[in-house]
Amino acid sequence: MIKSILGRCIFIATLLIAIAMSTCTQPSGKNENNTSNPSPWWKEAVIYQIYPRSFRDADGDGIGDLRGIIEELDYIKSLGVDAVWLNPIYPSPNADNGYDVSDYRGIMAEFGTMKDFDEMLKGMHDRGIRLIMDVVVNHSSDEHEWFKQSRSSRDNPYRSYYHWWPAEKGKPNYRYSLFDETGNAWRYDSLTDAYYLHYFSYKQPDLNWENPQLRQEVYDIMEFWAKKGVDGFRLDAFQFVAKDTAFPPFPEGFEKDFIAYYAMQGNIHEYLKEMHLRVLAPYKVMSVAEGAGRNFEDAHNLVDPERKELDMAYAFEGVDIAKYDGYSLLHFKEVFSRWDSAFAEKGWLSVFLANHDQARMVSRFANDTPAFRSASAKMLHTFLLSMRGTPYCYYGDELGMTNIGFSRIEQFKDIVAINSYKKALSKGEDMDLFMKKLSFESRDNGRTPMQWNDSPHAGFSSGTPWLPVNNNYTEINAAAQDKDPDSVLNHFRRMVQLRKSNPVLVHGAYQLLAPEHPEIYAYTRIWGEEKAVVVLNFSTEKQRFQMPGLSSPTKVLINNYPHVETTKNGGEIILSPYQGIVFSVTP
Ligand code: GLC
């Protein structure tokens, strides 16, 4: 009996692989299978995030660019993804790689021209791929014209575009800066004898959202891009925009829990409603804010459709679990299950394990050693693409790219790495431990150039890349994986197609199974008559698992191993290290 189930599973799995392979280059639009339950495109979408600096360099200056993206549009299409989220591409002095914008309506010269942008957008749309732009408006660059004007004199019309504190009032109350090397978010500017506020680096002064004129400027900018045809906006650090401009004192040590003091303050919901009315609704663009506030209530208030603010929440609790000293799967399961249940009835979440602010997903959440890298990267994709919410794939993760693990401070490029090093040094921290943590957790790990092939610099650039390519590119690269049906890349493509052809994986109710199991993450997804069971082994050992419904007709929808092993009596399945299987169960 089990043998025949097993045989059938293997057969079906092979068949599905063949089907998925043959369809993996089809662009996917709205899920036609789900017309009985129409939902906005972004709910059924898979989003691919591109860090343009590191994706593909077409002109050989060592820096990725828009023409590089244009050259790879067919590759992006071959992934089956529906939308690209592009990190900032606007002119910037690059104190924080584009998150310090000096002109919101332009294109960074290193990345190309507006003509390139238009061609890229058209190329995406021609392939059925939408574009989500990063809008960085908690702060601008200190080299933006607004700030230049603002700092020039106290009565300049742009003065109130930023937060200034005149020095004659004494020192302003302490505000914590996430990026500053001293930790202080106020910087003294002798030109007008005043301090200005910067929650991030001093090169990123915070904009004054309490000024209605500034808000109109921002909506105009968003309108400019919406008119060009962009399909969505990701609002950078938006939860911090509203501030109590009296800047009252905060309790000593507040910075340990700064989100409680910085996020979702003042009139932020009014601003979002205003933005919705002015830009998001009329241009029908999707919207996702970075950060989802202090609690579920905040997160819901951001994305409750009736409130007409934003579409999708992007919460950090899940991605933040993995640290230098590891994480527990029990914690991981608890967090993802808690967020799912909080959004089961209303609202919509993003599902992700990586982005440009994190080290590589396989190095943090799975196992990047040669023996397990491939299986564990596939397993993570099985997880991300079988959860409710909109999955995001960060460039290179579809290949299982790993941390580069710099060990000397001179190797790091990221402002956070450099300034936190200075801060730790000045506070007399254990620098040995600091460097170990930095090597594992640094954002630079997630920003090394895309590994396209095994030619010099991984085919990323003919020049010297701005950040070194990971040495493992001869082994981990897109060209090799494209040819290998068993690669992480092709598993990712199959998983995307599986999600597209099974609405249960998008919309189905989620229920955690075996919550106490320390090594296995298993859950069901149920949608009408359809039921899927996802079983993931997060360990380097074989694990036994009692599969509910194994006795009823069970079909393997996807498996990152060629087999499904079961115990002799057939009561349990035996999962290989990092094995991940999605079953379809007939109720
Ligand atoms: C967001 C971005 C991050 C940037 C910061 C300041 O957190 O994701 O990359 O450094 O905002 O703009």
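Checked against the criterion of being away from the ligand (no atom under 16 Å from the Cβ) and of a type in the set (D, E), the stretch 327-338 contains one or more residues that satisfy it. In summary, strands (runs of 3 or more DSSP E) completely within the stretch 501-587 and bearing 3 or more residues that are closer than 20 Å to W339 by Cβ occur at 509-513, 520-527, 530-537. If you go through the stretch 441-471 and pick out every residue that is open to solvent by 20 Å² or more (accessible area, probe 1.4 Å) and touching an Asp or Glu at 6+ places or on another chain (Cβ under 6 Å), you end up with 1.
A residue that is within 25 Å of F233 (Cβ to Cβ), assigned to a helix (DSSP H, G or I), touching a residue at least 60 places away in the same chain (Cβ under 8 Å) and open to solvent by 60 Å² or more (accessible area, probe 1.4 Å) cannot be found anywhere in the stretch 317-339.
What do you reckon, is A95 open to solvent by 20 Å² or more (accessible area, probe 1.4 Å), within 13 Å of the ligand (Cβ to nearest atom) and among the hydrophobic types (A, V, I, L, M, F, W, C)? Criteria met by A95. For the stretch 243-270, what are the residues that are in contact (Cβ under 8 Å) with a residue 40 or more places away in the chain and over 13 Å from N208 (Cα atoms)? Listed by number, the residues that qualify are P248, P249, F250, F254, E255, F258, Y262, H269. Pairs meeting the criteria (first residue in the stretch 355-372 and without any contact (Cβ under 8 Å) to a residue 40 or more places away in the chain, second residue more than 16 Å from the ligand (Cβ to nearest atom) and assigned to a loop (DSSP other than H, G, I, E, B), beta carbons under 7 Å, at least 6 apart or on different chains) are D368/T402; D368/N403. Looking at S350, is it surrounded by fewer than 18 Cβ atoms within 10 Å (Cβ to Cβ), among the hydroxyl-bearing types (S, T, Y) and in contact (Cβ under 8 Å) with a residue 24 or more places away in the chain? Judged against the criteria, S350 is not a match. Filtering the stretch 124-154 to residues that are buried (at least 18 other Cβ atoms within 10 Å of the Cβ), more than 16 Å from the ligand (Cβ to nearest atom) and under 25 Å from the mean Cα position of the chain (by Cα) leaves M124, I129, R130, L131. Only residues that are open to solvent by 60 Å² or more (accessible area, probe 1.4 Å), within 16 Å of the ligand (Cβ to nearest atom) and closer than 17 Å to D244 by Cα were counted across the stretch 155-184, and they come to 0. Residue pairs whose Cβ atoms lie under 6 Å apart, sitting 6 or more positions apart in sequence or on different chains, and linking a residue in the stretch 67-90 that is farther than 22 Å from W42 by Cα to a partner that is surrounded by fewer than 23 Cβ atoms within 10 Å (Cβ to Cβ) and among the hydroxyl-bearing types (S, T, Y), are Y90/Y104. Among residues of the stretch 148-166 that are of a type in the set (G, A, S), those with a beta-carbon under 6 Å from a residue that is assigned to a strand (DSSP E or B) and surrounded by 22 or more Cβ atoms within 10 Å (Cβ to Cβ) at least six positions away or on a different chain give the pairs S150/Y162. Applying the condition of being over 22 Å from the mean Cα position of the chain (by Cα) and over 21 Å from Y283 (Cβ atoms) to the stretch 109-118 and asking which residue is farthest from the ligand (Cβ to nearest atom) yields K115.
The values are calculated or read from the model by the stated rules, or taken from the named source; none is laboratory data. Keep in mind the model is a prediction, meaning the values are calculated, not measured. With ideal geometry, Cβ positions are generated from the backbone for all residues, glycine too; neighbour counts draw on all protein chains shown. All accessible areas refer to the heavy atoms of the entire protein, side chains included, with ligands and DNA or RNA removed. Shrake-Rupley method; radii C 1.70, N 1.55, O 1.52, S 1.80 Å.
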